[in-house]
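See below for the structure under consideration.
The values are calculated or read from the model by the stated rules, or taken from the named source; none is laboratory data. Since we're looking at a predicted model, the values are computed, not measured. Reconstructed Cβ throughout: ideal geometry from the backbone, glycine too, with neighbour counts over all protein chains shown.
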Amino acid sequence: MILNALGVIDYGIYGVVGGVIAMLGYLNTAMAKTTQRFLSFAEGKRDKAKQKVVFNTSVMLHLGIGVSIFILMEAFYYPLFYGILNIPEERMAAAQFIYHMMAVSTLFTILTVPYDATINAHEDLVYYGIVGVFEALLKLAVAFIVVYAMIDKLILYGVLMTTISVLMMIIMRIYCHQRYEECVFFPKKYYCNRSAIEMGKFAGWNLVGTFSGIAGNYGTGLLMNHVFGTVVIAAQTIANQIGGALNVFSSNMIKAINPVIVKAEGEGKRSNMLDLSLAGCRYSFFLYTLFAIPCLLEADYVLKLWLKNVPDWAVLFCRLQILRTMLEQLTNALGMALMAEGHIMKINIVNLVLSILTFISLYLLYSFGFLPYWHFIISIIFMVIIESCFKIYYCSRYCHLSIKYFIRNVFVRCVLCAVIPFLVGLYFVSEFEGQGFLRLCLTSVICTTILIMVLFSIGMNKQEKNLIVRNMFTNMH
């Protein structure tokens, strides 16, 4: 709906300039992990006073971080618009307006990080469920408003999306102060320099990893815009939206299990922490695969069903983005295991180096005339496969994870659970001639059924199978 209302050019402009909004969620989640780690660790030790110290110290730290990033974004404004971005002259003013709004929105998002971390630490899924539905309804309303608006649709869309972000932040702050005991902002009493130094070091290294991820996504997006223009960015933005929509359930599951992982480490239960981390890797992969395989097979029809005008490269980009996100799930929870244990410096340095190598590799490839889809291939090689290998290695070194155990109980199980239903679905799609809604439904049912069967026979261990069977019999009686 938004693509049809804005048009391919304006949608591409919003994807590259307003793409900061997409990065805000990533930045917010990544930075919140630092505060959540210290809050959950203190909760594991049953230390409520320490939680108040962590919260107040976190608020002050993120105030400094937010103001610094805001200044950097404004300082980067001129070289970005007059040296890097490839935007039609007649849409330059609208794009610049969007960028300034994104800078303000970034500041408010960072200031909300301690509150988001508190909700995560308390595993408050009810809040995320209710507010998530409310936010989705607001975004749907924005889509209808933009379609029928008579003013500049790009500027209006940017203003409304930023307003939603700020509104969600205000709701979160009010909710936390009303509900959680540790959310008392009184820095004169609870601010601690020692905690600030400890959290500052941790947050600093985590921020290195966060900006590595942003550089690997937004930075390479700027490069693609500079080389290929806004139409290709429109296709990339659609691929990112598809990948994000499919990832909702698995990301929410990881968000729920993260504080439990840290609490287990805080209680000194390393074995439980590792078991939870490996289960998180497997089940986030299974949840994503459940929705990803039908979409992977029917990407062409899904995009035609969703969009009136499908941009060039959109179908291929969607398939590659789905594959990338699927592979990321295999080691998703291992990052939190490293955070819980405390050794995050080296993995974040690795992420930074890999992001730089990704950017340099793409720059060289595009200079030699390679096509846009190499963005995904290089990203998968550096930012997924190589990064995952380093995660496994550091978990083995610092958390005493058995690499053989990981390969046998996570990697092999997950690959089999994905490949078998994919091959069955691929055979069905090749035999069922003609795209259509019926084939999409049948493909989804067949792939889901096969996945559940393979999951129960291969993907689960004995304890998990027994737990499910026991719960089924309990519910029957």
Selection over the stretch 379-427 where residues are touching a residue at least 24 places away in the same chain (Cβ under 8 Å) and of a type in the set (A, V, I, L, M) yields a count of 13
Condition test on Ile170, is it closer than 21 Å to His100 by Cα and surrounded by 15 or more Cβ atoms within 10 Å (Cβ to Cβ)? no
Within the stretch 366-392, of all residues that are surrounded by 15 or more Cβ atoms within 10 Å (Cβ to Cβ) and of a type in the set (Gly, Ala, Ser), the one modelled with the highest pLDDT is Ser388
In the set Leu160, Leu154, Leu137, the lone residue that is of a type outside the set (Val, Ile, Thr), assigned to a helix (DSSP H, G or I) and in contact with an Asp or Glu (Cβ under 6 Å, 6 or more places away or on another chain) is Leu154
When restricted to Gly221, Gly243, the only residue part of a helix (DSSP H, G or I), closer than 22 Å to Thr106 by Cα and of a type outside the set (Val, Ile, Thr) is Gly221
Across the stretch 282-299, the tally of residues that are surrounded by fewer than 24 Cβ atoms within 10 Å (Cβ to Cβ) and within 14 Å of Lys255 (Cα to Cα) stands at 2
Determine if the stretch 345-359 includes at least one residue that is within 16 Å of the chain's Cα centre (by Cα) and surrounded by 23 or more Cβ atoms within 10 Å (Cβ to Cβ).
yes
Expected single match for farther than 28 Å from Gly268 by Cβ, in a helix (DSSP H, G or I) and touching a Leu at 6+ places or on another chain (Cβ under 8 Å) among Ile347, Ile386, Ile392, Ile381 is Ile386
Practice task
Confirm whether Ala42 is modelled with pLDDT under 80, over 30 Å from Ile145 (Cβ atoms) and either small (Gly, Ala, Ser) or surrounded by fewer than 16 Cβ atoms within 10 Å (Cβ to Cβ) (or both).
Solution key: yes
Of the conditions (1) of a type in the set (Phe, Trp, Tyr); (2) more than 24 Å from the chain's Cα centre (by Cα); (3) under 23 Å from Phe291 (Cβ atoms), the single one that Tyr398 does not satisfy is (3)
Pairs returned, first residue in the stretch 137-161 that is closer than 19 Å to His100 by Cα, second residue that is at pLDDT 75 or above and among the polar types (S, T, N, Q), beta-carbon separation under 9 angstrom, 6 or more apart or interchain, are Met161/Ser105
When restricted to Phe202, Phe249, the only residue surrounded by fewer than 23 Cβ atoms within 10 Å (Cβ to Cβ), hydrophobic (A, V, I, L, M, F, W, C) and under 30 Å from Arg397 (Cβ atoms) is Phe202
